[in-house]
Amino acid sequence: MSGMNNGNLVEIRDLRVDFPNPSGFTQAVRGISFSMGREKLGIVGESGSGKSVTGRALMRLLPQAARVRAEALRFDGIDVLGASERQMRTLRGGRIGLIMQDPKYSLNPVMTVGRQISEAWLAHNRSGSGGGGKREARDAALTLLEQVRIRDPKRVLGSYPHEVSGGMGQRVMIAMMLAPNPDLLIADEPTSALDASVQAEILKLIEDLVSARGMGLMLISHDLPLVARFCDRVVVMYAGQVMEELPARDLHRAQHAYTRGLLDCMPSLSKKRARLPTLTRDAAWLERHA
Amino acid sequence: MSQLPMIAIEHLDVHFGSSHVVRDISFSVAAGETFGLVGESGSGKSTVLRTIAGLNPGWDGRMAVAGQNLGPRRDRAFFRRVQMVFQDPYGSLHPRQTVDRILAEPLEVHGIADAEARIARALEEVALPHTARFRYPHQLSGGQRQRVAIARALIADPSVLLLDEPTSALDVSVQAEVLNLLSDLREARQLTCILVSHNLAVIAHLCERLAVMQGGRIVEILSEAELRAGRAKHSHTQDLIALSYELEG
Ligand SMILES: Nc1ncnc2c1ncn2[C@@H]1O[C@H](COP(=O)(O)OP(=O)(O)OP(=O)(O)O)[C@@H](O)[C@H]1O
Ligand SMILES: Nc1ncnc2c1ncn2[C@@H]1O[C@H](COP(=O)(O)OP(=O)(O)OP(=O)(O)O)[C@@H](O)[C@H]1O
Ligand SMILES: [Mg+2]
Ligand SMILES: [Mg+2]
């Protein structure tokens, strides 16, 4: 089914997203370009820089009122802006999984966790050759919860979203998005509420899926050290633009003042500082970047 | 120092139906102190905060704030004194209220004048642009929503703040601004805080002492210096410290 795309899973060229405001439009994404294959791409940048909007644009999940334009916005060769709504529905929650930043908000509050994961699994496996049944879907849901290291998966299957902790909700969301075996996983702050040990295990699971199944991962995160360790490449965003793109292992040696500023304002366990430095934004950063 | 602690928790147990989620925990927090709560996901950290805030009815034990024992009901004075920032900022903000309305409400409830200036100052303190003031929560980014939640908690000048992962949705530069703001408020207003975070560097930065939870129990209480030096007795704490250092590289 893949189109002619030079091996690119995602291709974004000059993407612009504007939101209406009372006096015109606010530019949330201002002409960004990058592409990715079946690799682990990190997207970092300060709050409001357009990371989530970019991920949602790729799934055509932005509100109607948003104005989205691009020279190219393609997933596996498919033109996202030109695709039919039906085509988009098969992509969403099927070939592209999105782990959203607010797990509780994205889970259905009146449906048990088990049913939500089973339905995600069924949606994919019905159309496949297997023709999965209810029992199988439940077993698959249980296995997925075990994979995301939920301690008592049986209890959690029967729980409603408000009955699980923040970190458990995040993992339920991850399990749901992995259920249909996506080609691309967009993970928006997937592990921000998880302690280091669970975080490491979840990332290992995602890593295995990337290498075993050739899944692509777009990891949106504030956690620069995490992205540096885990991803192959990093895109650094500021005010709706890409400031720089670099190999993840070189992130701690980044030259751009903005990226350096982000690295310097993190508290550290080894070094005690009375006050944390904050970012001093340079007006020149707002100018158009090539 | 025989001063009364600002928050005293003794033998607290919390049940949800048949599940026993918090088991016999005790700790106290001095006025002006920031106390950390860490531990694995599902260990009961949010439940402890929510129970102190009066959001969980099914508890046993003794809890006191500013020397007053807490009963099943909390009065208005309690809700002015004690504010909570929730782990899930989206769920805690009313979707059909603008930021302006969200911030004005606590001022009206507590009969605080000067709303205009206070709202403007609160937005500034959490580094939100003025343009955010008349937007709805869904029109903000994740980090912007969390800052609204922090601004709302601070706007009525509380003396106790219960913070549940307040900076995990924030980027590192806003996190630094919020952490600096919390340090300033602590000095200026003797603010007492309980801070839940999975980020040990954040905990070490703000807290004098912290408790480590596992399976609903506190397995140890240690000081900031012990945390930084890795002098933990319990294996769960040792694992968490080792992983944090590994990530710092
Ligand atoms: N529905 C909307 N209507 C109006 N403005 C919006 C809407 N959604 C997002 N925005 C604005 O677009 C900009 C980019 O938002 P986005 O959610 O992509 O930020 P982000 O980089 O993901 O930030 P964070 O790290 O805080 O989640 C922000 O200024 C935000 O306020
Ligand atoms: N309303 C509820 N009904 C039933 N069980 C609940 C409810 N709220 C929490 N629990 C259970 O209580 C336990 C502790 O949850 P809590 O939210 O306190 O954990 P936590 O330490 O904050 O975890 P996290 O780091 O993931 O946020 C979990 O097993 C959770 O499923
Ligand atoms: Mg976001
Ligand atoms: Mg919690």
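The values are calculated or read from the model by the stated rules, or taken from the named source; none is laboratory data. Being a predicted model, the structure only gives us computed values, none of them experimental. Note that each Cβ is placed from the backbone with ideal geometry, even for glycine, and that neighbours are counted across all protein chains shown. Quick note on the areas: whole protein, heavy atoms, side chains included, nothing else; ligands and nucleic acids left out. Shrake-Rupley method; radii C 1.70, N 1.55, O 1.52, S 1.80 Å.
Computed from Cα atoms, the angle from the helix B:172-189 axis to the main principal axis of chain B rounds to 90 degrees. Here B:E116 and A:N181 are evaluated by their C-beta separation; at R0 = 60 Å the FRET efficiency comes out at 0.65.
Across the stretch B:136-158, the residues whose backbone nitrogen lies under 17 Å from the label position 7 Å along the beta-carbon direction of B:R101 are B:136-140, B:148-149, B:152.
Principal-axis analysis of the Cα atoms of chain B puts helix B:115-125 at an angle of about 50° to the longest axis. For GluC sites (Glu not before Pro), the sites in the stretch A:195-290 that DSSP calls loop and that have at most 10 other Cβ atoms within 10 Å are A:E287. If the segment from B:L243 to B:L55 were pulled out straight at 0.36 nm per residue, it would be longer than the present Cα-Cα gap by 64.4 nm.
Overall, the anisotropy analysis places the stretch B:67-182 in the prolate class: the square-rooted eigenvalues a ≥ b ≥ c of its C-alpha gyration tensor yield a/c not less than 1.5, with a/b exceeding b/c. Annotation for B:A77 and A:S268: the two label points, set 7 Å from Cα along the Cα-Cβ direction, are 4.7 nm apart. Only lysine pairs 8 or more places apart or on separate chains count here, and in the protein assembly as shown those with Cα atoms under 24 Å apart total 13. For chain A, modelled as a GNM whose springs connect Cα atoms under 10 angstrom apart, the maximal fluctuation among A:M218, A:M237, A:M266 occurs at A:M266. Between chain B and chain A, the total buried accessible area stands at approximately 3600 Å², from heavy atoms with a 1.4 Å probe. Can you bin the stretch B:151-206 into rounded, prolate or oblate? Criterion: square roots of the alpha carbon gyration tensor eigenvalues sorted a ≥ b ≥ c, rounded for a/c under 1.5, prolate for a/b above b/c, oblate for the rest. Note, shape of the stretch B:151-206 comes out prolate. Each label point was placed 7 Å from the Cα along the Cα-to-Cβ direction; for B:R133 and B:R189 their separation is 2.0 nm. For the stretch A:89-103, there are no residues whose amide N sits under 12 Å from a probe point set 7 Å from the Cα of B:H94 along the beta carbon direction. Legend: helices of chain A (whole DSSP H runs) are marked when their alpha-carbon atoms reach 24 angstrom or more along the helix axis and their mean Kyte-Doolittle hydropathy is at least 0.0; marked are A:196-213.
Scattering from the C-alpha atoms of the protein assembly as shown alone, worked out with Debye: what is log10 I(q)/I(0) at q = 0.08, 0.11 1/Å? Summing over Cα pairs of the protein assembly as shown leads to -0.52, -1.01.
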